[in-house]
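The values are calculated or read from the model by the stated rules, or taken from the named source; none is laboratory data. From a predicted model like this one, the values you see are computed outputs, not experimental measurements. With ideal geometry, Cβ positions are generated from the backbone for all residues, glycine too; neighbour counts draw on all protein chains shown.
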Amino acid sequence: MSAIHCEIDLDADGRHVGYLRLPHSVHRSAYGYIPIPIASVRKGEGPVVLLMGGNHGDEYEGQILVASLIREIDAQSVRGQIIFLPMANAPAAVAGLRTSPIDGGNLNRSFPGDAKGGPTAAIADYIERVLLARADYLIDLHSGGSSLLYDGANMLAVEPPDAAQADKLRAALRALGLPRAFLHGLNPALASGAAQRQGAIAILAELGGGASVQPQLLRDARRGVLHFLGQIGLLHGLLVPDGPPADTRFYRVSLARHYVYAQEAGLFEPLVELGETVVAGQPAARIHFPHTPLREPAVLHFAGKGEVVCRRAVAQCEHGDCLFHLAEALASP
């Protein structure tokens, strides 16, 4: 059993706001706990959506949007339930870090978690075993964080194993309606892997990044989430927009050919812009070495073709840092 105690009754109708209490005994607080904000808006029977931000603590759009929607959505406009987690990895979110300052845990690499493990593992276990076990859908709102910058608003989802599931997933992606949807292979340690184990459809959003908040992306994400909630029959009334933010285009992402990594430490100079279409073999970046000024920069090349959808936001890099992420447009919708 999880050590986490939920202050609110997830089975009660109405809007309820409180905290998940994760016991945490430390020098300054022997009998203390980590407070993780949670809210529920529920009325009767219907779809259940887990709406999550702060999976990574330096990704701010999701935290802002989820907290805002807790205030905006009331139970009279709902048929079903929305469970809100605005700061899923609360220690990381409070510190503004990708990973927890307590145990170094990356929540989105920690599923299925461990009820008896450290704070990050315990949070992952509770999300998967308690919250996702109730949910039909997971909307997990991310951005590039401090180190990466995505081109606009994007969605990621696990490529479905059969045609029936593919139709359902694509309908959900079109309902959320951000401009790009990337289909990728399953990683069981991600929240999307946890959702799949619990029978829920998962969509992860990537909204800009660079440790900033872009107003238009926040508006697009809000419109997309509200439209999605309306399309699945969960949300009714004036909050539901007439349509999604965009007509979604579908892409495939392969780890082997669509990523470029630094091979040594230095200063990263990108040779292409976000949104450009590139081909295999095209120069992607130079790595400069000012500490040895007579040395020529190292030139890195793209291994595959596609659109440049993400790049490193920080010039200083080390061996193993991701510099670019491509996505390859699918020929058919």
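The residues in region 180-212 that are in a helix (DSSP H, G or I) and in contact (Cβ under 8 Å) with a residue 60 or more places away in the chain can be counted, and the count is 5.
Looking only at region 8-51, filter to residues that are of a type in the set (Val, Ile, Thr) and farther than 19 Å from Ala121 by Cα; which one of those is surrounded by the fewest Cβ atoms within 10 Å (Cβ to Cβ)?
My answer is Val17.
Looking across region 276-320, the residues that are within 22 Å of Arg252 (Cα to Cα) and either modelled with pLDDT under 95 or not in a strand (DSSP E or B) (or both) come down to Glu276, Val279, Ala280, Gly281, Gln282, Phe302, Ala303, Gly304, Lys305.
For region 11-57, the set of residues classified as under 26 Å from Leu204 (Cα atoms), in contact with a Lys or Arg (Cβ under 7 Å, 6 or more places away or on another chain) and outside any strand (DSSP E or B) consists of Gly46, His56, Gly57, listed by residue number. Which of the residues spanning region 53-64 are buried (at least 24 other Cβ atoms within 10 Å of the Cβ) and either modelled with pLDDT under 95 or out of contact with any helix residue (DSSP H, G or I) (no Cβ under 7 Å at 6 or more places or on another chain) (or both)? Listed by number, the residues that qualify are Glu59, Gly62.
Checking the condition free of Cβ contacts under 8 Å to residues at least 40 places away in the same chain, surrounded by 13 or more Cβ atoms within 10 Å (Cβ to Cβ) and not in a strand (DSSP E or B), which residue from Ala3, Ala67 passes?
Of the residues listed, the single one that is free of Cβ contacts under 8 Å to residues at least 40 places away in the same chain, surrounded by 13 or more Cβ atoms within 10 Å (Cβ to Cβ) and not in a strand (DSSP E or B) is Ala67.
When restricted to residues that are more than 12 Å from Gly53 (Cα to Cα) and either charged (D, E, K, R) or free of Cβ contacts under 8 Å to residues at least 40 places away in the same chain (or both), region 77-91 contains 1.
Is it fair to say Leu156 is of a type in the set (A, V, I, L, M), assigned by TED's automatic domain parsing to the domain that holds Leu107 and over 30 Å from Asp74 (Cβ atoms)? So Leu156 fits the description; yes. Looking across region 70-100 at every residue that is of a type outside the set (A, V, I, L, M) and outside any loop (DSSP other than H, G, I, E, B), the one that is nearest to Gly210 (Cα to Cα) is identified as Pro91.
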